[in-house]
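The structure appears below as structure tokens.
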2 protein chains.
Amino acid sequence: MYDILQTINSPADVKKLNAAQLNTLAADIRDALFNRLTKIGGHCGPNFGIVETTIALHYVFDSPRDKFVFDVSHQSYPHKMLTGRKAGYIDDTHFKEDSGYTNPEESEHDLFNIGHTSTSISLASGLVKARDLKGQKHNVIALIGDGSLTGGEALEALDFAGSEIKSNFIIIVNDNQQAIAECHGGICEHLNELRATKGKAQNNIFKSLGLDYIYEENGNDIQAMIKVLQKVKDIDHPIVLHINTQKGKGFELAEKNREAWHWCMPFDKTTGKWNVTFPTESYTGLTTQYIMQKAKQDKDFVVITPAMPMTAGLTPDLREQLGAQYVDTGITEEHAVAMASGIAKAGGKPLLVTNSTFIQRTYDQISQDVCINGNPVTILLNFASFEGLTDVTHLGIFAISAFSNIPNLVMLAPTSKEEYLNMLNWSVEQKEHPVMILMPGNAVTSRAADKNFDALNTFKIEQQGKKVAILALGDFYQRGEELATQIKNELDFNPTLINPRFASGLDQKLLKELQQNHQLVITLEDGILDGGFGQKVASFYGTTNMKTKTYGLNKEFYDRYNPQELLRQLGITNEQIIADIKNLL
Amino acid sequence: MYDILQTINSPADVKKLNAAQLNTLAADIRDALFNRLTKIGGHCGPNFGIVETTIALHYVFDSPRDKFVFDVSHQSYPHKMLTGRKAGYIDDTHFKEDSGYTNPEESEHDLFNIGHTSTSISLASGLVKARDLKGQKHNVIALIGDGSLTGGEALEALDFAGSEIKSNFIIIVNDNQQAIAECHGGICEHLNELRATKGKAQNNIFKSLGLDYIYEENGNDIQAMIKVLQKVKDIDHPIVLHINTQKGKGFELAEKNREAWHWCMPFDKTTGKWNVTFPTESYTGLTTQYIMQKAKQDKDFVVITPAMPMTAGLTPDLREQLGAQYVDTGITEEHAVAMASGIAKAGGKPLLVTNSTFIQRTYDQISQDVCINGNPVTILLNFASFEGLTDVTHLGIFAISAFSNIPNLVMLAPTSKEEYLNMLNWSVEQKEHPVMILMPGNAVTSRAADKNFDALNTFKIEQQGKKVAILALGDFYQRGEELATQIKNELDFNPTLINPRFASGLDQKLLKELQQNHQLVITLEDGILDGGFGQKVASFYGTTNMKTKTYGLNKEFYDRYNPQELLRQLGITNEQIIADIKNLL
């Protein structure tokens, strides 16, 4: 098994193979993909589809002298196998050595740590610029998918490359006719037209931007790809090489259902069944139910997502049911946020859903297009938790720090099923405020909750006690609850337990009242401390005798951590916090 | 004077005029522009160029039923004059009533408060969506300039409109062949080609995206514009109306020098001389000198700007001198930041310059493309101060809050000419850290400064004292100096004065040492308090007996304020702070 792949220790070894061996290598790579993916999961369809292109790239070009930049880099597994990292795929004991993305710490063949879309052309154009300033001569190759091409950063870079770069630059558009879900946008339809005409359609967008263009329909044929890559190698100007590939190629289930197999959990190769049990109730599931019900009741309600329908559990059939009340804008976070502002201005009720890490694209749009205008847009963030995605490029720990400090934005941090749904509904219905809601990252819990949040920044005292007040924000509320019980057991007094509910402002009246019979205020939040909630509380008490201690994450790019282990390291355990309290009282 | 304009109280009055009267109205509007601009300044070229189109828009369409969205909205003065706000232009006592941008608080004819580029198509597409959901029938018109069209948000929206909108939507591309400086990017060259062929060029980018397209070369001819607008009115699908206009039309100086007259201070109409004296030495001027000198010495050094060369004083001749060491990426903040990361990765020394308010577009690129990768990019922000731009859309008070909490980013806040230049040079030369430098917003001062900042987060004690420690950050350092003197005079002790230098981290050792003989730490910062520097300090001392008090701005969208008056309101005066100290000691 892996007969050819076993011989590959660097790209130089790929160049030694004949055509038949190259094809065997492709089969080996797919076996290796199965080995890793069935056991630990990861990005599936993107990697199966790019096998032949990757082999051809390493056959024709000379990495690391020539530079490859993979967009999102979720399709870089074959590249890793060919650049000294095959063990991470064929030897189960080495799985953990490789991240799911390109990573300069792993190899000189990886230029950047990438995980967000639409960045490869920009990053690569910087490599081009530096090469030219230094008078060097290598090839720079950016690979980008059709889905990623709709992102503003990619479009800005294409526009730039078309007129401002006059030297070698090869942009490979890997057209597999799919984003995570189906593609949306004029470019995707244009690519359909280009494929249908074998690249000869009128109104070629790349040519209109000043770029040279060439089409290769056999992106899953190694020899065809070698031929076309040899043609563009050492070219003296920017060119778009548009290739047609099949997402999930070689894995029948993934070929047939491209959306479901974009990414996978560990699974059984034959049946395709994922070896994982999902909880019967989840905040994502509650979101789906809310959306479907609300849409039926209210024709002004519209769900917008920049290409992330599944983060709200919106399967293809549900999207179909939603009809005009569902808008997938494509991978266009900026446009999605500004469009939502327009909808709200004109009396619609927009709910925008995506992942916490991707909304980072829209700091300015939230500030300018939405918040300065005070339009009632609801932005719902999934995976806004340290317990969600743990890859460094997908962390959900920055949302409070990044967005809670934007004026006019109401940030809500629900603590139970009832509170979550009530907040969602209040936000969608009210007309005064832009709102961001942090979907809880923990297990669903149930508890009575208010329905109206018009009185901004009113914290809720869930247990009145003394000496110590615990402000436990959002999905760290349950930790606060447990801590309160533990304090009662160990220190023999009832602390006050507060559910702040609002992450974007302080309940000054309540905080002042705490001064009467409390000596210490503790804050717990699921995010980095810098710029977050606890620091606002600490600052509020700066001129008083109240002691404060903030618990949360450090300002750090954590990568592939164990969440519970991280909490221990940070001292966010009942044991440590109670020890701290003893010290401070 | 203003014979026709005087009769216009609403768009209905425009519709009553004959062709000759419409032309007189255009002349009146230009007189009114001169009246306001010569006396209080503002956006010049964009407004002179759009007079005829605006008249035609109000003649043909029916605002506010039909909806106009102006990109940046710096060209909305003629629109304001025709929608009940002429007094703000022809009556000097009313100048202050109108902002320089569209503003829903002024008129129902203004849909959004806009000041950043590239947003109009997105915002308008939201109006389209809500209209369609509600079954309404009006026209939605987005106007966008050729410069603004290169921005990612605009490109995302164009792509979206091309395939996802199937109803009335009129996108007017106002092609005046200029951004603030000259246009950059493939789209600009493509527009040149479209103009040269009267819209018949091969490879029409708008058509490639699925949009209908029509060209009108006489954008400064009212009758021609009326005719073409009547043609597209009530259209049942999205169309791009590409019009050719002359920036600065009717003001000879502005026609000839489009960059210099994009925006103006009060000026003499005949000579064009601005009625303003600039200080002989400014931080912008120092930046220009540094850039020109550094570029000569070091061929790896490259200046990048997303269309804001003048914010670093880079005039056309200096840009010419810089040659390949100068890159104007067009209005593409995201691409510019990611490209800088690529340059740094490949051994170049990129210095990216723009205004604080515009870098907000790049929270994600700074985090993902730059900081996760740890590439040594220097981002230099002008107008990162409450004393710079006071329009709500251009505030410089959010940079510390927005960016200082991103891991790996070193944020430097210089306090003197020497420190500023040393920080710039250290940052450009070092290879370890992404750096953001806040260009001081106050007058240039001179003081000896360190040259090396490798020891991150080391604060500098400028005066050792007792009882009270003043941490005076960046361009608020001088306020701290004055405060220290005043404390000595009034309270008869020397406080400690500290120049933090780093806005993105704390000098924990120094802060601990302060506990020995200080009871109060005061922080002063030029930005909002929420998420800022002072709250970090307050949080640090939360478990101690040290009192802290933070001085800075509130989390608020201030608009057209008097900076000194604002400081008084916020209690940031020596008098108030000393009163606070007396209370707290």
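Laboratory data are not the source of any read-out in this text; all were calculated from the coordinates shown. This is a predicted model, so every value here is computed, not measured. Positions of Cβ are generated from backbone atoms using ideal geometry, with glycine treated the same way; all protein chains shown enter the neighbour counts.
What trypsin sites (Lys or Arg not before Pro) does segment B:131-177 have in DSSP loop regions with at most 16 other beta carbons within 10 Å?
On the way: sites: B:R131, B:K134, B:K137, B:K166; in loops: B:K134, B:K137, B:K166.
Loop-located and lightly packed - B:K134, B:K137, B:K166.
Please arrange A:L380, A:L82 by how many other C-beta atoms lie within 10 Å of their C-beta, fewest to most.
A:L82, A:L380
Taking only the alpha carbons of segment A:283-438, what extent do you get along each of the three principal axes, in Å, biggest first?
That works out to 36, 32, 31 Å along the principal axes.
What relative contact order, as a whole-number percentage, does chain A give when Cα pairs under 8 Å and 6 or more residues apart are counted?
Working: 1223 pairs, mean separation 58.1, N = 585.
The value is 10 percent.
Fully extended, how many nm does the chain gain between A:R447 and A:E217 (0.36 nm per residue separation, minus their Cα-Cα distance)?
Value of the extension gain: 77.1 nm.
How far, in nm to one decimal, is A:Q223 from itself in the other copies if the label point is set 7 angstrom along Cα toward Cβ? Shortest first, please.
6.8
Hey, got a sec? Which trypsin sites (Lys or Arg not before Pro) in segment A:270-320 land in a DSSP loop and have at most 13 other Cβ atoms within 10 Å?
Those that pass, being in a loop and sparsely packed, are A:K273.
Taking all pairs of distinct Cα atoms, average 1/r, flip it, and tell me the Kirkwood hydrodynamic radius of segment B:39-162 in Å to one decimal place.
For segment B:39-162, inverting the mean 1/r across all distinct Cα pairs yields 15.0 Å.
So what are the ³J(HN,Hα) numbers for segment B:180-185, from phi and the Karplus equation (6.51, -1.76, 1.60; θ = phi - 60°), rounded to whole Hz, Gly and Pro as x?
Computed from phi, the couplings for segment B:180-185 are 6, 8, 4, 6, 9, x Hz.
Could you tell me whether the protein assembly as shown comes out rounded, prolate or oblate from its Cα gyration tensor? Rule is a ≥ b ≥ c as square roots of the eigenvalues, rounded for a/c under 1.5, then prolate if a/b exceeds b/c, otherwise oblate. Mind showing how you got there, number by number?
Numbers: a/c = 1.35, a/b = 1.03, b/c = 1.32.
Rounded, since a/c falls under 1.5.
Report, for A:R65, each distance to the same residue's label point in the other copies, shortest first and in nm; define the point 7 Å along Cα→Cβ.
7.0
Counting only residues 5 or more places away or on other chains, whose amide H sits under 5 Å from the amide H of B:F301 once H atoms are built in the peptide plane?
B:K349
At B:T93 and B:Q464, where each label point lies 7 Å from the Cα along Cα→Cβ, what is the point-to-point distance in nanometres?
About 6.3 nm, to one decimal.
Ranked from highest to lowest mean number of other Cβ atoms within 10 Å per residue, what is the order of the peptides A:111-124, B:181-194?
A:111-124, B:181-194
Under a crude label model (7 Å from the Cα following the beta-carbon direction), how far is B:H237 from A:K269 in nanometres?
It is 4.9 nm.
Residue by residue through B:324-336, how many Cβ atoms from other chains fall within 10 Å of the Cβ on average?
6
Using a label position 7 Å from Cα in the Cα→Cβ direction, what is the ascending list of nm distances from B:N545 to the same site in the other copies?
For B:N545, the other copies' label points sit at 1.2 nm, shortest first.
Any chance you could give the angle, 0 to 90 degrees and rounded to 10, that helix B:120-133 forms with the longest Cα principal axis of chain B?
Around 60 degrees separate the two axes.
Out of residues 5 or more away from B:K467 or on other chains, whose amide H comes under 5 Å of its own, with H placed 1.01 Å from N in the peptide plane?
Residues meeting the amide H criterion: B:H518, B:Q519.
For segment B:42-56, just list the computed ³J(HN,Hα) in residue order, Karplus coefficients 6.51, -1.76 and 1.60, θ = phi - 60°, integers in Hz, with x standing in for Gly and Pro.
Those phi angles translate into x, 6, 9, x, x, 6, 4, x, 9, 4, 5, 4, 5, 4, 4 Hz.
Please list, ordered by chain and number, the residues whose modelled amide H lies under 5 Å from the amide H of A:A384; skip anything fewer than 5 residues away on the same chain.
A:S356, A:M439
With a Förster radius of 35 Å, plug the Cβ-Cβ distance of A:A27 and A:F278 into 1/(1 + (r/R0)^6) and report the FRET value to the nearest 0.05.
0.60
Applying a 10 Å radius around every beta-carbon, put B:324-330, A:220-226 in order of their mean neighbour count, most first. Before the final figure, lay out the partial values.
On the way: B:324-330: 23.0, A:220-226: 18.9.
The most tightly packed comes first, giving B:324-330, A:220-226.
How large is ³J(HN,Hα), in whole Hz, for each residue of segment B:142-151 in order, when computed from phi with the Karplus curve 6.51 cos²θ - 1.76 cosθ + 1.60 and θ = phi - 60°, using x for Gly and Pro?
For segment B:142-151, the Karplus-derived couplings read 10, 10, 9, x, 5, x, 5, 5, 7, x Hz, x marking Gly and Pro.
Per residue of B:104-116, how many C-beta atoms from partner chains lie within 10 Å of its own C-beta, taken as a mean?
3
Toward the positive end of the charge dipole of the protein assembly as shown, about the Cα centre and with charges on Cβ (Lys, Arg +1; Asp, Glu -1), which of B:I577, A:L351, B:G42 goes farthest?
Comparing the listed Cα positions along the dipole, B:I577 ranks first.
Using the per-residue mean of other Cβ atoms lying within 10 Å as a proxy for protection, in what order, highest first, do the peptides B:546-553, A:230-237, B:350-357 fall?
Answer by packing, highest mean first, reads B:350-357, B:546-553, A:230-237.
Give the residues of segment A:332-370 whose amide nitrogen is closer than 11 Å to a point set 7 Å from the Cα of A:D454 in the direction of its Cβ.
Residues passing the 11 Å test: none.
Take every residue in peptide A:386-399, count the Cβ atoms of other chains within 10 Å of its Cβ, and give the average of those counts.
Numbers: counts 0, 0, 0, 0, 0, 0, 3, 3, 1, 3, 0, 1, 6, 0.
Counting Cβ atoms of other protein chains within 10 Å of each residue's Cβ and averaging gives 1.
Please label the shape of segment B:172-231 as rounded, prolate or oblate, based on the square roots a ≥ b ≥ c of the eigenvalues of the alpha-carbon gyration tensor (a/c under 1.5 means rounded; beyond that, a/b larger than b/c means prolate, else oblate).
oblate
How much space per residue, in cubic angstrom, does the convex hull of the C-alpha atoms of chain A take up? Show your work: numbers first, answer last.
Values: hull volume 97.0 nm³, N = 585.
It is 166 Å³ per residue.
Mind checking which lysines have their C-alpha under 24 Å from B:K466, skipping anything on the same chain fewer than 8 residues away?
Within reach: A:K547, B:K488, B:K509, B:K512, B:K536, B:K547, B:K549, B:K582.
Give the distance, in whole Å, between the Cα centre of segment A:511-537 and the Cα centre of segment A:1-73.
51
Look at the axis of the rotation that sends chain A onto chain B, then give the chain A residue with the nearest Cβ and the distance in whole Å.
Chain A residue with minimal Cβ-axis distance: A:G152, 1.
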